[in-house]
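Presented below is the structure to which this report refers.
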Amino acid sequence: MLAVIGDLKYKKDIAKLLKDKNHTLPKSEDNLESTFKNFDRSRAAMALGLMGAKEYAPNLSILLRSPDADDKAGATLGLGYMCAREYISNIANLLDDDNEQVQVSALEVLGEFDATEYSKKIASLLNSRTGSMVIETACYTLARFNSKEQASELARLLNERFRKGYAAKALALLGAKEYAENIVQLIEDDDPLVRSDALIALGILDNKDYINKIATHLQDKKIFVRAYAAVLYYL
């Protein structure tokens, strides 16, 4: 809250939370204190970033090497908020982290930095067995970069159950009209969320070639799918 309202006179007090704890607690499912023991430190790092307190960037960079996921994610976002681009390679290294929260934070900051030099590395995550949040964020980061050269990698996901919707929208944002035929097939998917994602993608592409197929979903079983179909049909 202090960071949001921009009260900079408290940044030194917030920075005190970056210090190491004087005790270590074994992590366990029954010990919430141990599980979230660095949560305050991660929020302090983010707050300092929002405040633009770049004098603490070296302190945050140290946390990027912490074994704790909260430390790494908070420090990554903090460095992003304070536009500390000099640590971009350190942040990019976290794409290989084994924690989904850390990977997503790294992707978000690389997106903010417009770090298109890491497009190929980000695209490699699409074929990994990582969590859905990582895949979703990677898809939209590539779209944000306008990485048309990675369109074929995104298209590979159009056949994957929990990823096809993200891929369809990312391809549409890239203006990859060559995949419109593949995307239109998804409006017949069993999953209503995928059907709605496909309709959104066709809307982004402003493709009128499939208006008759879109019209059939004005009677879709799911009201939110009908709503997307109606927007496309009547516009």
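Any read-out appearing in this document is the output of simple, stated calculations on the displayed coordinates, not a laboratory observation. None of these values were measured; they are calculated from a predicted model. No Cβ is skipped: glycine too gets one built from the backbone with ideal geometry, and neighbour counts run over all protein chains shown.
Gaussian network model of the chain, Cα springs within a sub-10 Å range: biggest mean-square fluctuation belongs to which of ALA45, ALA170, ALA84?
Of ALA45, ALA170, ALA84, the Gaussian network model singles out ALA84 as fluctuating most.
Mean separation of Cα pairs under 8 Å and 6+ residues apart, divided by the residue count of the chain: what relative contact order is that in percent?
With pairs under 8 Å counted, the relative contact order is 10 percent.
FRET efficiency for ASP206 and ARG129, Cβ-Cβ distance as r, R0 = 35 Å, nearest 0.05?
Values: r = 35 Å, r/R0 = 0.99.
It comes to 0.50.
Sort 62-73, 88-99 for me by packing, meaning the mean count of neighbouring Cβ atoms within 10 Å per residue, highest on top. Could you put the intermediate results ahead of the total?
Numbers: 62-73: 18.8, 88-99: 16.8.
Going from most to least packed, we get 62-73, 88-99.
So which lysines can LYS120 reach, going by Cα to Cα under 18 Å and dropping same-chain residues fewer than 8 places off?
Correct list for LYS120: LYS148.
Rg and Dmax of region 1-113 over Cα atoms: what are they, in angstrom?
13.6, 40
Can you find, among ALA47, LEU232, ILE214, the residue sitting farthest towards the positive end of the charge dipole of the chain, where Lys and Arg contribute +1 and Asp and Glu -1 at Cβ?
The residue sitting most towards the positive pole is ALA47.
Against the longest alpha carbon principal axis of the chain, how many degrees, from 0 to 90 and to the nearest 10, is the axis of helix 164-173 turned?
Result, in degrees: 90.
Using unit Cβ charges (K, R positive; D, E negative) and no other charged atoms, how large, in debye to the nearest 20, is the dipole of region 1-113 about its Cα centre?
Numbers: 14 positive and 18 negative charges, 127 e Å.
In debye, rounded to 20, region 1-113 gives about 620.
If packing is taken as the average count of other Cβ atoms within 10 Å, what order do 116-127, 193-204, 208-219 fall into, highest mean first? Write down the numbers at each step before the final one.
Details: 116-127: 18.0, 193-204: 22.3, 208-219: 14.2.
The most tightly packed comes first, giving 193-204, 116-127, 208-219.
Would you please state which residues of region 40-84 a label at LYS16 would reach in this model, taking the label point 7 Å out along Cα→Cβ and a backbone N cut-off of under 15 Å?
What the label zone holds, given the 15 Å backbone N cut-off, is 41, 44.
Given the pairs LYS177/LYS213; LYS72/LYS121; LYS11/LYS121; LYS169/LYS213, which span a C-alpha to C-alpha distance of over 28 angstrom in this model? Before the final figure, lay out each step's value.
Details: LYS177/LYS213 17 Å; LYS72/LYS121 19 Å; LYS11/LYS121 35 Å; LYS169/LYS213 18 Å.
Too far apart for the 28 Å limit: LYS11/LYS121.
Could you tell me the largest-minus-smallest coordinate of the C-alpha atoms of region 114-167 on each of the three principal axes, in descending order and whole angstroms?
29, 18, 15
Most fluctuating residue of PHE113, PHE145, PHE224 in a GNM of the chain with Cα springs under 10 Å: which is it?
PHE224
So what are the chain's ellipsoid semi-axes, whole angstrom, largest first, if each one is the square root of 5 times an eigenvalue of the alpha-carbon gyration tensor?
The answer is 40, 18, 17 Å, longest axis first.
Would you tally the net charge around GLY165, using a Cβ to Cβ cut-off of less than 12 Å, leaving GLY165 out, and scoring K and R as +1, D and E as -1? Could the numbers behind the result be given before it?
On the way: positive: ARG161, ARG163, LYS164, LYS169, ARG195; negative: GLU136, GLU160, ASP189, ASP191, ASP197.
Surrounding charge for GLY165 is 0.
Could you tell me which of rounded, prolate or oblate describes region 150-235, using a ≥ b ≥ c as the square roots of the eigenvalues of the alpha-carbon gyration tensor, with rounded for a/c under 1.5 and, failing that, prolate when a/b is larger than b/c and oblate otherwise?
Numbers: a/c = 2.17, a/b = 1.40, b/c = 1.55.
Here region 150-235 falls in the oblate category.
Rounded to the nearest 20 debye, what is the charge dipole size of the chain about its Cα centre when +1 sits on each Lys and Arg Cβ and -1 on each Asp and Glu Cβ? It would help to have the intermediate numbers written out before the result.
On the way: 31 positive and 34 negative charges, 78 e Å.
The calculation lands at about 380 debye.
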